[in-house]
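This report concerns only the one structure given below.
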Amino acid sequence: MDKVDSARIDLPRSARAQARERASADSAGTTRVFAAALRTRVIGFSVGFSLDENVQQAILATPANRVGTGLRS
C-alpha cells in the first residue's frame with residue numbers, strides 16, 4: 001500500500017479533489033488485505049485471475065439458479 005499512498009500524495013491537489021480513484025490487480029497481487037486497505041481508503045478496485053480449464057468447467061457446471069451478480073466495493 002506504500003506505492004498506492006505515495007501515488008495519491010503525488011497527485012496535484014486539484015486532481016485529488018476531482019479524481020475517482022481506482023486500482024486493479026491480477027491474481028498475483030490480490031489479497032484480502034489489499035482489497036480491505038483499498039476499501040478503507042475509499043478507492044474502487046477490480047481484481048482478476050486466470051480462468052483455466054478447471055475454473056471454466058466449474059463455472060459451466062454451476063446451475064443457473066445459483067449464479068448471482070458481482071459485488072461492488
Checklist outcome for this item: By the mean-Cβ-within-10 Å protection proxy, highest first, 42-52, 5-15 rank as 42-52, 5-15
Next on the checklist: How large is the translational diffusion coefficient of segment 22-63 in µm² per second when you combine the Kirkwood radius over alpha carbon pairs with Stokes-Einstein at 25 °C and 0.890 mPa s?
Outcome noted: 209
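To the nearest 0.05, what FRET efficiency results for Arg39 and Ala7 with a Förster distance of 30 Å applied to their C-beta separation?
Computed FRET efficiency for Arg39 and Ala7 comes out at 0.95.
Tell me, what is a quarter of the convex hull surface for the C-alpha atoms of the chain, in nm² with one decimal? Don't skip to the end; give the middle numbers.
Details: hull surface 25.5 nm².
Approximately 6.4 nm², given one-decimal rounding.
Between Glu53 and Ala15, 0.36 nm times their residue separation minus their Cα-Cα distance comes to what?
Working: separation 38, 0.36 × 38 = 13.68 nm, distance 4.26 nm.
Stretched fully, the Glu53-Ala15 segment lengthens by 9.4 nm.
Values in this text are rule-based calculations from the coordinates and carry no lab data. These figures come from a predicted structure and were not determined experimentally. Cβ atoms come from the backbone with ideal geometry, glycine included; neighbour counts cover every protein chain shown.
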